[in-house]
Amino acid sequence: MAVTTRQITSNILGLIGAAVGGVLGYYIFLWLIHQGFYGLMIPGALLGLGCSLLSEHRSQIRGVLCGVAGLVLGMYSEWHFEWFKPDDSFAYLATHIHQKGLATLLMLALGAFFAYWLGKDAGQRQVPGLWRPSSRIDPRNPPPSS
């Protein structure tokens with residue numbers, strides 16, 4: 001399967017969307033913390049959403065990369081909000097993440113899952129000729145006009 005210029009452009013747009021969504025999610029997480037709420041899944045979910053909105057084709061690999069990036073962004077957000085007392089480095093948090101509470105671990109996992117689930121799909125725009133099986137009308141065989 002040859003990679004076309006449109007798919008490369010789609011992946012670059014997806015990367016830009018992921019970066020914008022991740023930054024937006026990070027700052028929304030910090031804002032929510034200052035309001036007294038804890039939304040650790042938001043950075044990862046918005047990373048995947050931003051990637052999906054600008055991408056033009058589906059890609060499982062892009063979804064997996066978004067999931068990993070969402071997990072790392074969630075861990076970074078948690079590290080910025082509350083680090084461990086013995087050592088405040090990110091590396092210490094990464095190696096001792098299992099010591100965090102159940103709610104934190106659950107939200108990290110959900111953020112990574114949403115980043116994967118949203119990041120693997122394409123947004124509203126699609127590359128012509130690539131038909132999504134989930135759509136109801138096959139563009140190659142449009143319904144007859146009345």
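Throughout, read-outs are computed from the coordinates displayed, never taken from laboratory work. Everything quoted here is computed from the prediction, not taken from an experiment. Methodologically, a virtual Cβ is constructed for each residue, glycine included, from the backbone with ideal geometry; neighbour enumeration extends over all protein chains shown.
Working from label points 7 Å from Cα in the Cα-to-Cβ sense, the I61 to T5 distance is 2.0 nm. Taking a sphere under 12 Å around the Cβ of G101 and counting the other residues whose Cβ falls inside, with K and R at +1 and D and E at -1, yields a net charge of -1. Using C-alpha pairs under 8 Å with a sequence gap of at least 6, the mean separation divided by the residue count of the range 1-85 gives a relative contact order of 35 percent.
In terms of other Cβ atoms within 10 Å, K85, K100, K120 run from fewest to most in the order K85, K100, K120.
Per-residue HN-Hα couplings for the range 35-41, Karplus 6.51 cos²θ - 1.76 cosθ + 1.60 at θ = phi - 60°, whole Hz, x for Gly and Pro? Working through the residues one at a time gives 8, x, 10, 10, x, 5, 7 Hz.
Residues in the range 100-113 carry Karplus couplings, in order, of 6, x, 4, 4, 5, 5, 5, 5, 4, 5, 5, x, 5, 5 Hz; the curve used is 6.51 cos²θ - 1.76 cosθ + 1.60 with θ = phi - 60°, and Gly or Pro positions show x. Converting phi to 3J(HN,Hα) with the Karplus coefficients 6.51, -1.76 and 1.60 and the offset θ = phi - 60°, the range 60-72 yields 5, 4, 4, x, 5, 5, 5, x, 5, 5, x, 5, 5 Hz in sequence order, with x at every glycine or proline.
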